[in-house]
Amino acid sequence: MLNNELELVYESVEESRDYESVVQAIEPEWIEKSLLATGKASIRNRRLPAQQAIWLVIWMGLIRNKSIKEVCSSMDIALQPSTNNEWSRVAPSVLTDCRRRLSDSPMSYLFKTTLEAWKSKALGTQSDIGLHVLAVDGTTFRCQDSQENADEFGFISKTHKPYPQLRLVGLMSVETRLMLSAAFDACNIGEISLAHRLMVDTPDNSLTLFDRCYFSADLFTQWQSAGNERHWLTPIKNKMRYEIIEEFAANDLLIDMPVSPQARKQNPSLPEKWRARFIAYQEPKGEIKGFITSLIDPDKYPLESILNIYWQRWEIEEGYGELKQTQLQNKITLRSRFVDGVKQELWGVLIAYNLIRLEMAAIAEEAKVEPTRISFTAAISLIDTQLRWLALSPDGKLPIKLKQMRADIKHFILPDKRKHRTFPRSVLYIPSRYPLRYKE
């Protein structure tokens with residue numbers, strides 16, 4: 001009985017070589033290229049080469065319930081010193097020194113290299129109006145409470161300083177939820193400033209959905225002129241000033257808005273007025289709200305199609321939620337105590353997130369459903385199980401085979417979302433645990 005079971009296990013491992021691995025999406029040449037381009041390639045034979053250190057950083061972003069030392073040992077990443085000492089563990093000083101030598105530049109380079117190769121899969125199909133729909137939004141991560149991190153990233157609150165924090169602004173594909181670009185810096189750097197850094201990586205023939213806090217004539221005019229057919233859409237702010245130029249239909253207007261003197265002082269090339277399309281809608285409670293967009297042509301971009309796209313701006317919030325809550329297991333405090341390690345670790349988290357998303361897109365294509373209907377929790381659980389079971393080979397090639405990944409597709413498919421369900425934002429009331437006393 002036991003012999004039969006062992007033979008089945010052996011055959012499954014041998015046959016698994018014919019199956020595609022989720023981590024084989026990263027070619028070894030890309031890692032070598034990122035190390036050479038940033039001048040971080042290992043010259044001598046170290047216990048933990050730079051190639052293996054990159055994989056260590058990626059697995060750190062995926063396996064959150066183990067320490068960095070345990071991740072390195074369990075995945076057998078480090079080269080063993082001799083044949084007689086096969087099970088020796090890597091000293092923490094080796095891991096720290098290797099990561100300091102690596103810095104964050106190879107991880108940033110690798111992130112951009114992977115996105116160039118995965119671009120068609122990451123963008124998905126175009127929407128009804130012939131544009132790829134993207135979204136931009138920001139989030140924050142905590143850092144370890146070290147003086148180096150505090151000096152570099154700072155604190156959001158000037159009075160209450162629990163942990164240093166850094167701010168990240170990401171560009172995400174709405175259909176696949178893959179992170180197409182990211183920019184992060186100290187928490188005193190605003191989201192609009194970080195969004196300017198994403199223009200280089202924004203693809204042409206796209207519509208980017210922004211949150212209300214990104215309302216800026218400077219940002220949107222530069223975003224639109226940075227490439228071919230790069231459009232934007234954002235909710236309006238209260239007391240927005242505008243002049244009606246033309247009325248396409250009821251609640252569908254072409255408007256001109258004045259550019260503030262402060263904005264023109266920072267960027268003298270801005271015009272006195274900038275033009276957009278204003279579309280108003282009514283919420284369930286009767287409040288009239290709306291958004292403005294650069295999709296000015298009403299014949300090419302019909303009103304109903306734009307309204308259907310507008311409600312997809314919450315997809316990036318879902319993506320951030322899955323990254324923080326499921327992938328990082330609500331442990332949003334990064335592990336590194338030095339600045340380059342924090343940036344390095346965050347790039348590793350984003351690469352690991354995109355690897356999971358890439359495999360989910362492949363499962364969705366095979367199941368003929370939308371990528372957002374594949375369960376992120378089920379996918380990451382199976383990937384994590386496979387990574388713990390199979391070790392990495394010493395030469396850096398990854399023999400992890402996900403044979404069962406697409407065997408039972410029905411376990412990964414979520415129910416279809418119910419459309420057009422809107423609820424206003426509200427603050428959850430949490431009652432105090434202590435009695436309140438009031439003065440007479």
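Is there a quick way to get the dipole size of region 216-330? I mean about its Cα centre, with the Cβ of Lys and Arg at +1 and of Asp and Glu at -1; what is the value in debye to the nearest 20? Walk me through the numbers on the way to the answer.
Working: 14 positive and 17 negative charges, 113 e Å.
About 540 debye.
Against the empirical 2.2 N^0.38 Å scaling, what ratio does the C-alpha Rg of region 170-265 come to? List each step's numbers first, then the result.
Working: Rg = 14.9 Å, N = 96, 2.2 N^0.38 = 12.5 Å.
With N residues counted in region 170-265, Rg over 2.2 N^0.38 Å equals 1.19.
With a 1.4 Å probe and every protein chain left in place, work out the accessible area per residue of region 174-277 in Å², rounded to a whole number. Please report the intermediate quantities before stating the final value.
Working: 5000 Å² over 104 residues.
Roughly 48 Å² per residue, with all protein chains present.
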About the Cα centre, charge dipole magnitude for region 174-219 (Lys/Arg +1, Asp/Glu -1 at Cβ), debye: 80
Coordinate range along principal axes, alpha carbons of region 107-184, Å, largest first: 49, 26, 12
Rounded to the nearest 20 debye, dipole of region 112-193 from Cβ charges on Lys, Arg, Asp, Glu: 140
P(r), alpha carbons of region 121-165 - 5 Å bins starting at zero, rounded %: 5, 18, 17, 11, 7, 6, 8, 11, 11, 5, 0
Alpha carbon convex hull of region 245-384, volume per residue in cubic angstrom: 221
Heavy atoms of Val339 accessible to a 1.4 Å probe, total area in Å² rounded to 10: 20
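The values are calculated or read from the model by the stated rules, or taken from the named source; none is laboratory data. Every value quoted in this text rests on a predicted model; they were computed, and no experiment measured them. Using ideal geometry, Cβ is built from the backbone for each residue, glycine included, and neighbour counts are taken over all protein chains shown. These area figures cover heavy atoms from the full protein model, side chains too; ligands, DNA and RNA do not enter into them. Shrake-Rupley method; radii C 1.70, N 1.55, O 1.52, S 1.80 Å.
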